[in-house]
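These notes are about the structure you will find just below.
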Amino acid sequence: MSVNLSLISLEIATAAFGLALLVLGLIVPKTGRTGFGSLTTLGLIGLLGLSFTLWNNQGSLYDGIYIVDRYAVFFKQIFLAAAIMVAMGSMRYVDEMGAQAEYYSMLVFATLGMMVMASAGDFITLYLGLELMTIAFIILVCYKRLDAKSVEAGIKYVLLAGLSSAVLLFGLSLVYGLTGTVTILKVTWAFLTPGAFSPALLLGVVMLVAGLGFKISAVPFHMWAPDIYEGAPTPITAFLAAGSKAASFAILLRVFAAGLAGVWENWAMLVAILAGVTIIVGNLVAIPQTNIKRMLAYSSIAQAGYILVGLVTASPAGIKAVIFYSFLYIFATIGAFTVVSHFYTVTGSDEIKDYAGLSQRSPLMAAVLVVAMLSMAGIPPLAGFVGKFYLFQTVVENYLWLAFIGLIMSMVSVYYYLMVSLVMYRDQPADTTPIAVPYPVAVTLIVAMVLTLFIGIYPNPVAKIVNAAAMSFFMLQ
Amino acid sequence: MVEFSMTHAWLVPLLPFLAFAVIVFLTRPWKMLSALVSVGAMAAGFVISAYAAYGVFTSHSLIEKSLEYSVRWFSMPGLNIDVGVKLDPTSAMMLFMVTLVASLIQIYSIGYMRGEKGFSTFFAYMSLFGASMLLLVISSNLLEMFVAWEGVGLCSYLLIGFYNHKISAREAAKKAFVTCRIADFGLLLGMLALQIIFGTLNITELGEKIANFELYTNAATLTLVAVLVFLGPIGKSGQFPLHVWLPDAMEGPTPVSALIHAATMVVAGVYLVGRMLFMFLEVPEAQQLVAVTGAFTALFAASIALTQREIKRILAYSTISQLGYMMLALGVGSLTASMFHLWTHAFFKALMFLAAGSVLTALHHKADIWEMGGLIKKMPVTGATFAVGGLAIAGIPPFAGFWSKDEILSLTLSGGHPVLFFMAALTAFLTAFYMWRLIFLAFFGKEKPENHPQESPPVMTVPLLILAFLSLVGGLVGTPWFPFWGEWIRFGEFHHAAPDYTVMILSVILGVIGIGLAYKMYVKDVSAEQRLAERFRPVYTLLYNKYYIDEIYMWFNHTLVDGAAKAMYLFDIYVVDGIFINGIGAITRDTGSALRVFQTGRLQNYALVFFLGVLAVAVILAITGPAPAGLVWGGVR
């Protein structure tokens, strides 16, 4: 069997790039350690360019262990776009912590882990990618070694992620035990026979839901998210909320919509209930938050609930909606968190009340935050509206109650999003000095805002690409 | 270039839009540069339009089947919306006319707006206004057209309220916007109904489907839909009873009035009805409604104009009246005559508004025509060009208005509508009279010593001269002996009607009598109006107060709307807010706070919750999944 290495050229290049950064960090003398942010950004842009060559170069490696279809490639592009924006948005923040190559290197490795997840065709690869990403994130979360909150978040993440991994592995091994294979494609076939459901599989599904539910921070497996989002360096929070979540959804779809598609009717209602509960809890608990990072953490839990809605029907329309929402969601999330991160760098505060009068101090930051949040709330003509439309459209027919929950809770979310806007635009700032936005941060913000607007107004080009990605997902079955 | 222009007609609205963006974001601090960007974009649009029009008017196939191209805007099951271009003789004519008139008005504005605050902003808005109108013109899809339609509405709001330090300007802007919004609601409902019934909003496809509408719906429903759609044009084109905003719209700078009245805003309604004429022709009741509304509005507005004193107000009522003609023409089923009158009207009305602006500048914004007089001596160009406009609107051959108005009159008569014909003919007489009343009072007679008028600079008079020239010759493209217009811009078969000399002579006589009467009353015997007003005091007061329509609306708003609002307000405060909102809000907030208690920050608790979650998931799965439920509750197979 000949191996078409061009299929994994992107992963090879990413790994090489991550290692190169690590080594460079060692050789370059301490005084000269600047410019790693720019270097990383450029490298990631190069990798993004490389990924486009794979769009028409589909296939699978090693008997379906590693799948490179448009679905995987599009997700990889999402991760790379997120990583680029995070790297640009980090520069000031990391400079404040001390310019360190390891930070960027870990960022690249986390991205590599996500890529492996997106392409994973069997459980082992899936788990490898997941752990590669998680371990890189653990290091990044406690990167502010001298900050108690950051370290606490790191420890919590290690322990809870370990817990969830154990549960996930247990679930995967149960499925393996039932089917005798770890390849997702073969699992799919094994379950296509009628009456395939057994008590052991019930247990397996429960474990898989719990393990993956942890990664996407679905209620009731969400408890870690607010603490860790709050404690982590803000650019990492952004990457955690956008990239890690998108990657987890990529494998969630592979495992459930592909691997367990045969027993779909057994888990559909469970997913619908989880989605509903996640939406409700995420939005309700976001209301009383006073710290913007915690508020956004709960909002991102609610967002995970929305995305989960697309999995309920496991239909092409649902898959398409999930991919579409994951794509637009990274821009809103990273846009919002980049504002928070830069605001923290300048003022040292994450409290919502300190955002008073931001519209006067930095009109750009205030505008981006409002656009990002309104997009998350699903207000037209922003991207979030289109995304939610695609998602809920799939469940209107058979799960109307879920669509209603989504609708009502979107209204609730407008409340806490607009509270922040109100503070920024109505209140007078205590300190009126304008906040200067450095070039890379400004670019990140403008890209996030423009894309959020553009996708909302003219969704068709992205919808077409997403459609192609969703089609390829079903082609391999 | 012709080929390029036809396939890139979307550039025509895009260029002014880009000008808008460039001015707002880049060139605002540099006034002249902003003006040049704006004028340049519009002029470039004119060049493209001219080439495209040349291309359209030389390919006969486009009369029956328009050139269409589009991109998908968004799609979902059962609903595909495209944005695209529909190029046929009608839209090509409109592109040409709008870009031409808008360019001239913008050039004129450079002189008129000199030294005003917000000079650049003014040009930005003007560009956006033009862009919206041009998009409306080339739209191939009703939703696309609606977006442009609302864009036009927005720009009119911004520009009418341009002098936003004046309360009257702010009020007028609000009035225009709200009145049009009321009408647009009807249009929106009509569009929804069209989408639901026919499954498309593409104009061409609608045309094909409505031709066999019995397959989709019955005639009664389609009539209702047509009436709903017609509500939009009633508002936008200032038809009775939603005409009230148009006279107030003169609160904006005069070039804005010219643009609104001649080329952009108000003709949008006529154009929409023209685009959808296939629907109105299918249901005779709706068609009748269009005709009657048009004829009534024409007469109604002309009668108000008889007694008004402010120069721009008279022109505003004359616009309403002329729009009535255009609607009447559509109502009797003639796209040709309607668009022809739209074309000629654009030139002579833009001309008269710009000339009025020139007068107002010279007299420091003194607007009462009774306080003017003899202006032609000091302002020969303005006076002469205004008189050309007056001759055109009065229907004196060979000026442009004669040919188009004559066509409407003879079609109304030959279409078997004697009453409507009588109304239209009477309007023609009144039009000649009130317009020349204005001209005689303002430009002839004794000079007033307190006025020190001066002719405007060439940047203002040259556009006037060009427009005067067009008002003179613009109608020659559609004379009964040279029916170029009717051959190209039409709906259905082309009929070459023999010239109807009776109507022609009648309309000339009516015009001449009107002018003559005005001459007698306002040059020979200046106190005649005074005496007539005293003799017919109630009628005069009624007309002078515009039939008290505004007051009736005001009363309606104050008693019914405000009263209902007050009742609802109390309901809102005590029932909705008190019980529902605050109640639900409190529940929501309290739930949020209660759930927050679980977030202890202690790792052990988190792990516990995690496993409780696993348990909960297992239970849910056991209850909801058909197979697991069978396993758990129904025993093992």
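The values are calculated or read from the model by the stated rules, or taken from the named source; none is laboratory data. Keep in mind that this is a model prediction, so the values were computed, not measured. Backbone-built Cβ (ideal geometry, glycine too); neighbour counts: all protein chains shown.
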Only listed residue being over 33 Å from the mean Cα position of the chain (by Cα), within 30 Å of B:ALA428 (Cα to Cα) and surrounded by 15 or more Cβ atoms within 10 Å (Cβ to Cβ), chosen from B:MET504, B:MET521: B:MET521
Restricting to region B:210-248, what's the tally of residues that are within 25 Å of B:SER168 (Cβ to Cβ) and of a type outside the set (Asp, Glu)? 14
Identity of the residue in region A:197-238, in contact (Cβ under 8 Å) with a residue 24 or more places away in the chain and farther than 22 Å from B:VAL609 by Cβ, that ends up farthest from the other protein chains (Cβ to nearest Cβ): A:PRO235
Restricting to region B:223-249, give me the number of residues that are more than 13 Å from B:PHE177 (Cα to Cα), of a type in the set (A, V, I, L, M, F, W, C) and either without any contact (Cβ under 8 Å) to a residue 24 or more places away in the chain or surrounded by fewer than 24 Cβ atoms within 10 Å (Cβ to Cβ) (or both). 5
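The rows are residues; the columns are (1) of a type outside the set (A, V, I, L, M); (2) within 26 Å of A:HIS222 (Cβ to Cβ); (3) within 14 Å of chain B (Cβ to nearest Cβ); (4) in contact with a helix residue (DSSP H, G or I) (Cβ under 6 Å, 6 or more places away or on another chain).
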| position | (1), (2), (3), (4) |
| --- | --- |
| A:ALA87 | no, no, no, yes |
| A:MET91 | no, no, no, yes |
| A:GLY113 | yes, yes, no, yes |
| A:VAL158 | no, yes, yes, yes |
| A:LEU174 | no, yes, yes, yes |
Which of the numbered conditions does A:TYR143 fail, given that it passes all the others? Conditions: (1) assigned to a helix (DSSP H, G or I); (2) more than 13 Å from chain B (Cβ to nearest Cβ); (3) within 22 Å of the chain's Cα centre (by Cα). (1)
Check on B:GLU150, of a type in the set (D, E, K, R), within 14 Å of chain A (Cβ to nearest Cβ) and either touching a Lys or Arg at 6+ places or on another chain (Cβ under 7 Å) or on the phi < 0 side of the Ramachandran plot (or both): yes
Surrounded by 17 or more Cβ atoms within 10 Å (Cβ to Cβ) and either hydrophobic (A, V, I, L, M, F, W, C) or modelled with pLDDT of 90 or more (or both): does that describe A:PHE392? yes
Those residues of region B:582-620 that are within 7 Å of another protein chain (Cβ to nearest Cβ), farther than 30 Å from A:VAL205 by Cβ and assigned to a loop (DSSP other than H, G, I, E, B) come to a total of 1
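Per-residue answers, yes or no, for (1) within 14 Å of chain B (Cβ to nearest Cβ); (2) more than 30 Å from A:LEU364 (Cβ to Cβ); (3) within 24 Å of the chain's Cα centre (by Cα):
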position: A:ALA403; (1), (2), (3): no, yes, yes
position: A:GLY406; (1), (2), (3): no, yes, yes
position: A:VAL447; (1), (2), (3): no, no, yes
position: A:VAL450; (1), (2), (3): yes, no, yes
position: A:PRO461; (1), (2), (3): yes, no, yes
position: A:MET475; (1), (2), (3): no, yes, no
Subset of region B:493-510 [in contact (Cβ under 8 Å) with a residue 60 or more places away in the chain and not in a helix (DSSP H, G or I)]: B:ALA497, B:ASP500
If I filter region A:362-379 for residues that are outside any helix (DSSP H, G or I), within 14 Å of another protein chain (Cβ to nearest Cβ) and closer than 30 Å to A:LYS464 by Cβ, do I get at least one hit? no
If I filter region B:459-486 down to residues being surrounded by fewer than 15 Cβ atoms within 10 Å (Cβ to Cβ) and without any contact (Cβ under 8 Å) to a residue 40 or more places away in the chain, which single residue comes out as nearest to B:THR99 (Cα to Cα)? B:PHE469
